[in-house]
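The values are calculated or read from the model by the stated rules, or taken from the named source; none is laboratory data. Since we're looking at a predicted model, the values are computed, not measured. Every residue, glycine as well, gets a Cβ built from its backbone with ideal geometry; the counts of neighbours run over all protein chains shown.
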Amino acid sequence: MDANEITLRPAVEKDAQVLSTIHIAAIKALPATFYTQKQLLAWRNYLEKPDGSNMLKNIQLDNCWVAVEHDVVAGFASFIVDELIALYVHPNHQGKGIGRTLVKHFCNEASQQGIDKVLTTASLYAEGFYLRLGFTMIKREPHQLRKRVVVPVAKMSKTLVNSKK
C-alpha cells in the first residue's frame, strides 16, 4: 500500500468505540506464542466486546492519532511527549504500512518538539517491527497488566534527527 493512501488525524471522542474494537481484534489475532491465553486476555482488559469508555480516557489524556484507510479507521497510536504508549492496527489492515506511518508520525512530532530520543514498551510480538524502524533494545523486563498479570516486554528507544537543532 502506498503510504499516501493512509491519512492521519487526531482521535476524537466518537472514535473511542472503534479504537476499542481495533485493540481487542489485534490482540485476539495473536497466537499464544510469547504470551499465554490468560496474559492475552488481561492485555485486552478482559473484554470480549468493545468498550469505548476506557479508550475515551486515552483519547483525552494522551496524544492519540488514528490512521484512516479509505474512510475506515484502521489503526491508532497514543503517545505522551517522548513515549509511544500504544500502537494497534486492525488485523484486516496489517502489513500495509499503517503501523510504520503512525510510528513515523510520532517520531516527527517528538523531533519537532526538540526531543532527540523516544521510547516505547513493546510486546515481544512487536519487537522485530520496532527494530526494523530503527529502535534499539534497552532491556527486557516484566510489565504488570490488570489483576496483577505480568508479561515480559521490551523497553526500546530510538535516537531522532532533531529538526530544532
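Please verify whether residue 110 is in a strand (DSSP E or B), surrounded by 13 or more Cβ atoms within 10 Å (Cβ to Cβ) and of a type in the set (Gly, Ala, Ser), treating the condition exactly as stated. When the stated conditions are applied, residue 110 does not pass them.
Exactly one residue among 25, 11, 16, 74 is within 22 Å of residue 143 (Cβ to Cβ) and aliphatic (A, V, I, L, M), and that residue is 25. Within the range 135-147, not a single residue is under 29 Å from residue 17 (Cα atoms), without any contact (Cβ under 8 Å) to a residue 40 or more places away in the chain and either in contact with an Asp or Glu (Cβ under 9 Å, 6 or more places away or on another chain) or not in a strand (DSSP E or B) (or both). A single entry from 101, 21, 7 fulfils the requirement of being of a type in the set (S, T, N, Q) and closer than 23 Å to residue 155 by Cα: 101. For residue 110, the conditions (1) aliphatic (A, V, I, L, M); (2) under 12 Å from the mean Cα position of the chain (by Cα); (3) farther than 28 Å from residue 28 by Cβ are fulfilled apart from (2). Only a single item in (1) over 23 Å from residue 70 (Cα atoms); (2) touching a Phe, Trp or Tyr at 6+ places or on another chain (Cβ under 8 Å); (3) not in a loop (DSSP other than H, G, I, E, B) is not met by residue 124, and it is number (3). In this entry, residue 16 is excluded by the filter for residues that are crowded, with 18+ Cβ neighbours inside 10 Å and touching a Lys or Arg at 6+ places or on another chain (Cβ under 6 Å). Selection of the range 31-72 for residues being of a type in the set (A, V, I, L, M), at pLDDT 90 or above and under 24 Å from residue 106 (Cα atoms) yields 66, 67, 68, 72. Of all residues in the range 75-83, none are within 11 Å of residue 7 (Cβ to Cβ) and touching a residue at least 40 places away in the same chain (Cβ under 8 Å).
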